[in-house]
1. May I ask you to say which residue of D76, D72 is touching a residue at least 24 places away in the same chain (Cβ under 8 Å) and surrounded by fewer than 17 Cβ atoms within 10 Å (Cβ to Cβ)?
2. Select from segment 139-167 the residues that are among the charged types (D, E, K, R) and either touching a Lys or Arg at 6+ places or on another chain (Cβ under 6 Å) or in contact (Cβ under 8 Å) with a residue 24 or more places away in the chain (or both) and list them in ascending order.
3. Working only within segment 1-38, note down all residues that are within 15 Å of A75 (Cβ to Cβ) and not acidic (D, E).
4. Being farther than 26 Å from L43 by Cβ and touching a Phe, Trp or Tyr at 6+ places or on another chain (Cβ under 9 Å) is true for just one of R204, R183. Which residue is that?
5. Report the residue count in segment 107-133 for those that are within 17 Å of A44 (Cα to Cα) and at pLDDT below 95.
6. From the list A94, A89, A33, A44, exactly one residue is in contact with a Pro (Cβ under 9 Å, 6 or more places away or on another chain) and either surrounded by 22 or more Cβ atoms within 10 Å (Cβ to Cβ) or of a type in the set (K, R) (or both). Which is it?
7. Say whether the condition of being basic (K, R) and in contact with a Ser or Thr (Cβ under 8 Å, 6 or more places away or on another chain) is met by at least one residue in segment 140-155.
8. Scan segment 1-56 for residues that are among the aliphatic types (A, V, I, L, M) and touching a residue at least 12 places away in the same chain (Cβ under 8 Å) and report the count.
Amino acid sequence: MNAARRATLDALVGDIRTDLAAAHGAREVAIPACRTAIRHAGLAIRAVHRDDPAAHDEQVAASEAALRTAQDALADHPMVAHAGFLHDAEKEYAEARLCAAMVRGEPLASPAELGVMAHSWMRGLAEAASELRRNVLDRLRAGDLEAGETLLTVMDDAYDVLASVDLPDALTGGLRRTVDSLRAVTERTRGDVTTTVLQTRLQRAIEANPPGS
C-alpha cells in the first residue's frame, strides 16, 4: 500500500474512531443517568399508591433531571439514543407523571410537554393505567365504590385509545404487548369492581329489609 493511500485510510478511520469514541463517552454518561431516572420514577409511582403527593413530586423531579442528563448526552448520537435504554427511561418517567395525573383526575401531559418520544409516552400511558388497579382495589377496600368505578373508567379509556394504534412494533416500541397486558389487568379489575358492587347492593338490601321484619 502506498503512503498516500495509507494516509487517506488512516484519516478516514481516525475520523470514525473519534466519532465512535464520542458516542461511547455519551453512552457511559447516559446509561447510569437512565438507571437513576428509572429508579426515581419507580419511587414516584410508589408514592402515588401511598397517596403522598409531596414524595411523588420530589421523586419525579429527580427522575426528570436524570432523564434530561441522558437526553442531552445522546442528543448528537442518535444511533446510541435509539438503542433502547433511553426510551425505557422515558417510558418510566412518563408512567410516573401520567399515573399521578390519572389518580388525581388531572389533565394528562402530552409527549411534547413531558419531553419524551411518542412511543415512550404511549407505553408509559399503558403501564400507568395498569398501575391504577392497585388504586382501584384500595378504593374498594375503603368502601368508596364511586372512586373505584371512576378509576376503572380511566383504565378503560386508556385501553380503548391505545388499542386503536394498529402499527408495527418497530414504530411503537412494542406497544402491542403492553396494551395486551393492560387489557388483562383491566378485565381482572372490572371483575373485582363488579363483585364488590353486587355484594354492596346485596348487603344494603339485607340491611333495608332484614329477615323477619
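The values are calculated or read from the model by the stated rules, or taken from the named source; none is laboratory data. Not measured: the values here are computed from a predicted model. FYI the Cβ positions are ideal-geometry reconstructions off the backbone, even for glycines, and counts take in every protein chain you see.
1. Just one listed residue meets the conditions, D76.
2. Passing the criteria: E149, D156.
3. Residues satisfying the conditions are A22, A23, G25, A26, R27, V29, A30, A33, C34.
4. On inspection, the qualifying residue turns out to be R183.
5. Residues in segment 107-133 being within 17 Å of A44 (Cα to Cα) and at pLDDT below 95: 0 in total.
6. On inspection, the qualifying residue turns out to be A94.
7. Scanning segment 140-155, I find no residue that is basic (K, R) and in contact with a Ser or Thr (Cβ under 8 Å, 6 or more places away or on another chain), so the answer is no.
8. Here the count works out to 16.
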